[in-house]
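Let me begin by presenting the structure, written as structure tokens, before commenting on it.
Read-outs: derived from the displayed coordinates by stated rules, not from any lab. It should be emphasised that the depicted structure is a prediction, and the values quoted were computed from it without experimental measurement. Please note: Cβ atoms are built from the backbone with ideal geometry, for glycine as well, and neighbour counts cover all protein chains shown.
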Amino acid sequence: MAPTLKDVAAHVGVHPSTVSRVLRGKENLKISAKTHDKILKAVKELNYIPDFTARALRMKKSFTIGLIVPDILNPYFARIARRIEQLGFEKKYTVIVCNTDEDQQKEILFLNQLISRGVDGIIIAPVQDSKEHIVDVIDKNIPLVLIDRIFEDINVNSVITNNAESVMKAVTHLVKLGHKRIAFLRGQKNIYTIKNRLAGYKEALKEFNLSLIDNYIVGEGFEFEDGYEATLKLLALPKLPTAIVSSGGDLVTLGAIKAIYEKGLKIPEDISIIAFFDSLYSPFLATPLTTITHYRQKIGEKAFKLLLKQIESSKDMQAKTICVDTKFELRDSTAKPKN
């Protein structure tokens, strides 16, 4: 039979509540350091494992949160998830991570499963094919934070980045170098972030009196193959773009680079490229990438703190949207066009 809290208390000769408070890390506990150490030693010797189910019932909290992302292998979401998990550990919360693979039905299933398991709150980067299930979570008063992707007509806590502004900075940089044929490697077009980046791209072209060429806007996904295939389409056009803004993330950008090199072109001599998201490898590629850096750890931190505040508040909170700025990292993948 597994040892109980009372067994640990009896072994040390203290009240069970004292053992409980030591294990919860309660401060201002009026016991000696010697007794404190004896309790921890007894826990180890008896192989005592706290009954979190009983604790959850007693405190009406499960000390778990759900994190739903499109793909944990995507470096962007991996870094965010890592920070949320770190902060959860510090606050004694277990983080359950679910991958939707950009599948709306999987997202709805995971939401229902997390809610049925009694999680204290949920952080999600939604697929955005629909929003009814997100509204349902809000109506149930379950603490919720959206990251990266939001529904502008839903009043809910969220953490985003300045997508349109960052693309405008990228296009401005390219125009100042002399580029006039600038392509936009999009990503999944129904996503809030992509819509905003595309809006920034169009606004920048308008500001500099450059023509909007429909064939220069390509891409339908966030995988390596999506970037590769979309860039091949650009490179098959009669009049090639002299620069590309890659909006779909790390994997899409790597796919684009493969397509460019396969066609015998050089970066930046033949075509300049600016990538969304700065990765560890970006400065160390054969041609170090000029990037729009997202502070992913900060996004994860802001999201976790927003959720924790909701969980721990006894009052209804006014929803807020936090915008985390990006940074333009100028490296060697952009240069003046040949002609």
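When 133, 15, 294 are sorted by how many other C-beta atoms sit within 10 angstrom of their C-beta, beginning with the fewest, the order is 15, 133, 294. Fewest-first ordering of 148, 325 by other beta carbons within 10 Å of each residue's beta carbon gives 325, 148.
Computed from Cα positions, the angle between helix 104-116 and the longest principal axis of the chain comes to roughly 20 degrees.
Here, the chain has an Rg and a Dmax of 25.1, 85 Å when only alpha carbons are counted.
Normalised by residue count, the stretch 163-295 yields a Cα convex hull volume of 97 Å³ per residue.
For the chain, the longest principal axis of the Cα atoms and the long axis of helix 296-312 meet at an angle of about 40 degrees.
How long are the semi-axes of the ellipsoid equivalent to the stretch 5-50, from square roots of 5 times the Cα gyration tensor eigenvalues, in whole Å, largest first?
Details: eigenvalues 46, 23, 19 Å².
They are 15, 11, 10 Å, listed from largest to smallest.
Footprinting exposure proxy ranking of 247, 32, fewest other C-beta atoms within 10 angstrom first, gives 32, 247.
The charge dipole of the chain, taken about its Cα centre with unit charges on the Cβ of Lys, Arg, Asp and Glu (plus for the first two, minus for the last two), comes to roughly 1300 debye. For residue 225 and residue 6, the FRET efficiency from 1/(1 + (r/R0)^6), where r spans their Cβ atoms and R0 equals 56 Å, is about 0.45. Each label point was placed 7 Å from the Cα along the Cα-to-Cβ direction; for residue 138 and residue 190 their separation is 1.9 nm.
Run lengths n ≥ 4 of DSSP H only: what is the helix-derived mean residue ellipticity at 222 nm for the chain, with -39500 (n - 2.57) per run over all residues, to the nearest 500?
Details: 12 runs with 148 residues, N = 339.
The helix-only estimate for the chain comes to -13500 deg cm²/dmol at 222 nm.
One chain, two ends: residue 46 and residue 29. Fully extended at 0.36 nm per residue, the span grows by 3.8 nm beyond their Cα-Cα distance. When you filter the trypsin sites (Lys or Arg not before Pro) in the stretch 244-339 for DSSP loop state and at most 13 other Cβ atoms inside 10 Å of their Cβ, you are left with 266, 315, 320, 338. Is there a pair in 6/61; 6/92; 202/336; 30/315 whose C-alpha atoms are over 24 Å apart, and which pairs would that be? Listed pairs above 24 Å: 30/315.
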